[in-house]
Amino acid sequence: MKFSGNRLRQVGLAYLFLLPTLVILGTFLFYPMVRAFLLSLWDYSPLSPENHFVGLANFIRLATDSEFWHALRNSFLYLLVVPVIIILSLALSLLVEPRIPFVNFFRACYYIPVVTMMVVVALVWKQIFDTDNGILNALLLKYGLLREKIHWLTSPRLALFTIMTVTIWKGLGYYMVIFIAGLRSIPPELLEAAMIDGCKPRQTLFYVKIPMLWPSITLVAIISSISALQVFEEIYVMTLGRLNTSTLVFYIYDTGIRGDQEMGYACAMGVVLFCIIFIFTFFNVRMMGRFHITGER
């Protein structure tokens, strides 16, 4: 393919504008990623003067590490937030998408948790879920809904699921906006045709709106799945990874930074997590892509 001088100047100018972004991405994303892949093949620790190449030894070690498998199980268990987020955020978008009085106020209220720092959100909810002084137990006991206090964050069976509710609450507004954008992109002609054909609101929702929202549903499923597999701040602030709440990202942090600083071993876990997210996202796109707007499979 031949380019004229004017075309070459346009391409060069485009890459010139992209250069700052490419430099930032290369410095803070691509280089650390490549560096992590390389360190996963080394027995590396900042505290040790002797670091040596071990090949796949770190990955072999993962196979017999019970804490790693436990953390991985919790990470997969955390994916339970994904269908809940999809359903609730879609329901919220259907409520606030119509142009009704004060709708912008309600949209802002639902979106406020998104722009609030996760550390702040986790600290507030930690106080709410406190067994002895938390407002949740106090209200449930006051109105006779409980006979005794529930140990929301101190029970190994409940702690992880309690933290999941915080993740869901904080993310609903963000995914709601994605669904609102999807609803706004539906051609009005389709909704008018459904109305003329006598479709009830429920039929319009399931046979027109939801099929047209499959791209948005796919995007929300992918983003929320990746976020769920990478959850860390809620775990750290609310339980410090104790009480059966350690996820893979928290175990990576605990191994590579807080513990013995086995950076090579932590990077090996990071590589495994990268592969899991990549495979999960690939199959998620393929499976969700089967359901086309026309209903083809």
Inset, instruction - Identify, from the list VAL208, VAL272, the residue that is in contact with a Leu (Cβ under 7 Å, 6 or more places away or on another chain), of a type in the set (Val, Ile, Thr), more than 30 Å from ARG157 (Cβ to Cβ) and surrounded by 16 or more Cβ atoms within 10 Å (Cβ to Cβ). - result: VAL208
Legend entry - Filter result (among the β-branched types (Val, Ile, Thr) and closer than 16 Å to LEU90 by Cα) within region 188-204: THR204
Legend entry - LEU190 vs. criteria among the aliphatic types (A, V, I, L, M), in a helix (DSSP H, G or I) and at pLDDT below 90: yes
Inset, instruction - Taking the residues in region 234-255 that are among the polar types (S, T, N, Q) and in a loop (DSSP other than H, G, I, E, B) as candidates, determine which candidate is nearest to THR116 (Cα to Cα). - result: THR239
Inset, instruction - Provide a single number: the residues in region 122-138 that are without any contact (Cβ under 8 Å) to a residue 60 or more places away in the chain and either part of a helix (DSSP H, G or I) or in contact with a strand residue (DSSP E or B) (Cβ under 6 Å, 6 or more places away or on another chain) (or both). - result: 7
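Would you be able to say whether some residue in region 205-220 is aliphatic (A, V, I, L, M), more than 24 Å from LEU94 (Cβ to Cβ) and in a helix (DSSP H, G or I)?
no
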Inset, instruction - Could you grab me the full set of residues in region 256-289 that are in a loop (DSSP other than H, G, I, E, B) and either charged (D, E, K, R) or modelled with pLDDT of 90 or more (or both)? - result: ASP260, GLU262
Inset, instruction - Go through LEU160, LEU145, LEU153, LEU95 for me and flag whichever is over 25 Å from ILE210 (Cβ atoms), of a type in the set (A, V, I, L, M, F, W, C) and surrounded by fewer than 17 Cβ atoms within 10 Å (Cβ to Cβ). - result: LEU145
Inset, instruction - Give the residue, chosen from LEU145, LEU153, that is over 16 Å from TYR236 (Cβ atoms) and aliphatic (A, V, I, L, M). - result: LEU145
Legend entry - Which listed residue, of GLU97, GLU50, is under 25 Å from the mean Cα position of the chain (by Cα), farther than 29 Å from VAL237 by Cβ and of a type in the set (D, E, K, R): GLU97
Legend entry - Of the criteria (1) in contact with a strand residue (DSSP E or B) (Cβ under 8 Å, 6 or more places away or on another chain); (2) at pLDDT 90 or above; (3) exposed (fewer than 12 other Cβ atoms within 10 Å of the Cβ), which one HIS52 fails: (2)
Legend entry - Matching residues, region 139-181, being in a helix (DSSP H, G or I), out of contact with any helix residue (DSSP H, G or I) (no Cβ under 7 Å at 6 or more places or on another chain) and of a type in the set (Lys, Arg): LYS142
Inset, instruction - Assess whether ARG286 counts as being in contact (Cβ under 8 Å) with a residue 60 or more places away in the chain and among the basic types (Lys, Arg). - result: no
Legend entry - Of the criteria (1) surrounded by 15 or more Cβ atoms within 10 Å (Cβ to Cβ); (2) modelled with pLDDT under 95, which one ASN74 fails: (2)
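The values are calculated or read from the model by the stated rules, or taken from the named source; none is laboratory data. In this text the structure is predicted, and so the values were computed from the model without any measurement. We place every Cβ from the backbone using ideal geometry, glycine too, and count neighbours over all the protein chains shown.
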